[in-house]
Structure formats: C-alpha cells, structure tokens
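The values are calculated or read from the model by the stated rules, or taken from the named source; none is laboratory data. Predicted model, so just to flag it, every value in this text is computed and none were measured. Note that each Cβ is placed from the backbone with ideal geometry, even for glycine, and that neighbours are counted across all protein chains shown. All accessible areas refer to the heavy atoms of the entire protein, side chains included, with ligands and DNA or RNA removed. Shrake-Rupley method; radii C 1.70, N 1.55, O 1.52, S 1.80 Å.
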Amino acid sequence: MVLEERKGDLFSCTDTDVFMQCVSADFACGAGIALQFNNAFNVKRLLQNTINGMDYWGKVKGFAVITGENSNLTPVINLVTKERCFYKPTLKTLHSALYGAKLLCDERGFKTIAMPHIGSGLDKLNFYCQVLPIIKQVFAEDYYKIIVYEL
C-alpha cells in the first residue's frame with residue numbers, strides 16, 4: 001500500500017478510481033464532509049435508493065455501500081460507521097466498514113482511493129493515532145494507493 005497525503009480540495013482529485021467517506025445509517029449527510037460529498041455527488045439520494053429502506057444497520061454493524069457507479073462521476077464508497085448522524089463511530093464499526101470497502105475495491109478493480117481524514121472531524125476519532133493504523137492494516141496486503149486530503 002502506498003499512502004500519500006495532500007493539502008487541498010479533495011474534490012479536485014482527478015487521479016483516483018473512487019472516493020471514500022464516512023456516513024451514518026440514516027444517511028443524513030447534513031454536516032461536515034458528508035454534506036460536501038452530498039452536494040458534489042447527490043450521495044443521500046443514491047444511498048437511499050441503494051438501501052431502499054432496509055434495516056441494514058440492525059443486521060451488520062459497519063458496512064460499505066458504493067454509489068455513483070453508473071454515472072459519469074467518480075464512484076463514492078460510503079463507510080457506514082454509525083447508526084444515527086449524531087452518534088459517534090467506534091473503531092470496530094470503522095474497521096468493519098473499511099474491510100467491506102476493501103472487498104468492494106477488490107471486486108470492482110479500484111486501486112486508487114481518495115479520502116478526507118475519515119472518522120475524524122465531527123466523528124471525533126484521532127486520524128493519525130486511531131484511524132490510520134486501521135487503514136494500513138486493512139489495505140496492507142495488496143497494492144493500493146490511498147490519497148488522504150487535508151484542507
């Protein structure tokens with residue numbers, strides 16, 4: 001795995017196969033980077049259509065859903081790491097969602113992933129001490145280029 005950190009606008013990234021972000025199972029997408037993703041990719045509507053009202057959170061704690069594959073926009077992998085928008089994710093749900101994302105990347109052939117500091121910001125996890133080690137563990141065994149953007 002290659003990890004690259006960049007300063008700047010995540011949405012200006014053109015050398016990626018897929019974007020990645022964290023969302024809640026209620027798909028509120030009403031604040032922080034999730035709101036920016038929603039404005040750029042209409043993620044909330046796509047997620048609601050994909051899930052179609054089923055209670056996935058009750059069955060699986062932490063999962064990944066891909067949106068936008070059939071559009072001219074770069075697809076987005078949405079890491080569902082908490083039940084409600086005002087809850088906070090756990091390291092366990094983040095790990096589960098990242099593992100699901102890796103399976104999606106393997107299945108779709110995505111090798112370059114662009115993301116913000118997932119799990120931090122409004123979610124309050126420490127990106128460098130808590131989140132980054134999980135990313136490295138999940139994606140370590142295969143070739144991936146992960147580009148982490150910081151504003």
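Just to verify a result, which residue in the stretch 84-95, among those that are in contact with a helix residue (DSSP H, G or I) (Cβ under 7 Å, 6 or more places away or on another chain) and open to solvent by 20 Å² or more (accessible area, probe 1.4 Å), is farthest from Glu141 (Cα to Cα)? If we take residues in the stretch 84-95 being in contact with a helix residue (DSSP H, G or I) (Cβ under 7 Å, 6 or more places away or on another chain) and open to solvent by 20 Å² or more (accessible area, probe 1.4 Å), then Lys88 is farthest from Glu141 (Cα to Cα). A single member of Leu122, Leu98, Leu103 is assigned to a helix (DSSP H, G or I), within 21 Å of Asp17 (Cβ to Cβ), open to solvent by 10 Å² or more (accessible area, probe 1.4 Å) and not polar (S, T, N, Q), and it is Leu103. Taking residues in the stretch 1-20 that are assigned to a loop (DSSP other than H, G, I, E, B) and open to solvent by less than 70 Å² (accessible area, probe 1.4 Å), and partners anywhere that are modelled with pLDDT of 95 or more and of a type in the set (D, E, K, R), the pairs with Cβ atoms closer than 7 Å and at least 6 places apart or on different chains are Met1/Lys136; Asp17/Lys111. Within the stretch 128-151, the set of residues being modelled with pLDDT of 95 or more and open to solvent by 10 Å² or more (accessible area, probe 1.4 Å) comprises Tyr128, Cys129, Gln130, Leu132, Pro133, Ile134, Lys136, Gln137, Val138, Lys145, Tyr149.
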